[in-house]
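**Q** Encoded as structure tokens, here's the structure I'll be asking about.
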Amino acid sequence: MASIVQEVYQRLYDAFGPQHWWPGDTPFEIMVGAVLTQNTNWKNVERAIANLRQADLLEPKALYATPLEELEELIRPAGYYRIKARRLRNLLELVVKRYGGSLEKMFASDPAALREQLLAVKGIGPETADSILLYAGGIPVFVIDAYTYRIFARHGWVEPDADYHRLQEYFHSQLADDAAMFNEYHALLVRLGKHYCHKRRPRCPGCPLEELLPSGGPAEVG
């Protein structure tokens, strides 16, 4: 019998189809986007990345060598540009100094050790680190975000106080290690969160998971 995690995936995939995530032409562009998308929408990130592309800076060593003030101006459309420029610089320092600017070398290293290295970078939290591993590196690690927590807590499938690590372990325990499926699953949860499972006033009628709601209706979540 399929677990609830597997059933949710199948229902969402049947309802929405493949989502073709994450936007980006290269692993490096995806990695940069994972930093820039913090606290903003993707349209703003696209404008910032377009600036970097126009300046021919979508390469680790070239971007790392860019003066901080210039980098700030280039990524200004992504918002919080001074903070993000420093976070991006911190990440680039890891890529350039430890891996010689080679993402291929970086993603060929031990995944657990690489995750710890990413988390040690100032300004890189678990969601950003795991997005880099999954979407840029093709490493099977499930990305947890606010939509994931909201959907699973609202249906009563995880504890309201579940933290990032516990929720991630829940998915890993129920699913085979499959980067492509993890990619698709996360994208489908984002689609559901944006169109149905809103933080306030969720649109339960017509939701692909409506039949799976507890009898008392959706639980309140923060």
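**Q** For a quick protection proxy, order the peptides 80-93, 58-71, 14-27 by their average other-Cβ count within 10 Å, most packed first.
**A** 80-93, 58-71, 14-27
**Q** With the crude spin-label approximation of a point 7 Å out along Cα→Cβ, what separation in nm comes out for Leu68 versus Asp25?
**A** 3.0 nm
**Q** If you don't mind, another one. Apply the Kirkwood formula to the stretch 17-169: the hydrodynamic radius equals the inverse of the mean of 1/r over all pairs of different alpha-carbon atoms; give it in Å with one decimal.
**A** Across the stretch 17-169, the inverse of the average 1/r is 16.2 Å.
**Q** Going Cα to Cα from Lys194, which lysines come in below 25 Å? Please leave out same-chain ones fewer than 8 positions away.
**A** Lys194 reaches Lys43, Lys84.
**Q** Contact order normalised by length for the stretch 27-136, with contacts defined as Cα pairs under 8 Å and 6 or more residues apart; what percent is it?
**A** Value for the stretch 27-136: 33 percent.
**Q** Measuring from label point to label point, each 7 Å out along Cα→Cβ, what is the Arg200 to Glu104 span in nm?
**A** Inter-label distance under the simple model: 5.1 nm.
**Q** Treating only the Cβ atoms of Lys and Arg (+1) and Asp and Glu (-1) as charged, compute the dipole magnitude of the chain about its Cα centre; round to the nearest 20 debye.
**A** So the magnitude is around 760 debye.
**Q** With viscosity set to 0.692 mPa s at 37 °C, what whole-number translational diffusion coefficient in µm²/s follows for the stretch 113-183 from Stokes-Einstein and a Kirkwood radius over Cα pairs?
**A** 259 µm²/s
**Q** What are the lysines whose alpha-carbon lies under 16 Å from the alpha-carbon of Lys105, with same-chain residues fewer than 8 places away excluded?
**A** Lys61, Lys97
**Q** Under the rule of -39500 (n - 2.57) per DSSP H run of 4 or more residues, summed and divided by the residues of the chain, what mean residue ellipticity at 222 nm is obtained, to the nearest 500 deg cm²/dmol?
**A** -15500 deg cm²/dmol
Where a number appears in this text, it was derived from the coordinates with a stated rule and is not lab data. Not measured: the values here are computed from a predicted model. Cβ coordinates were reconstructed from backbone atoms using ideal geometry, including for glycine residues, and neighbour counts include every protein chain displayed.
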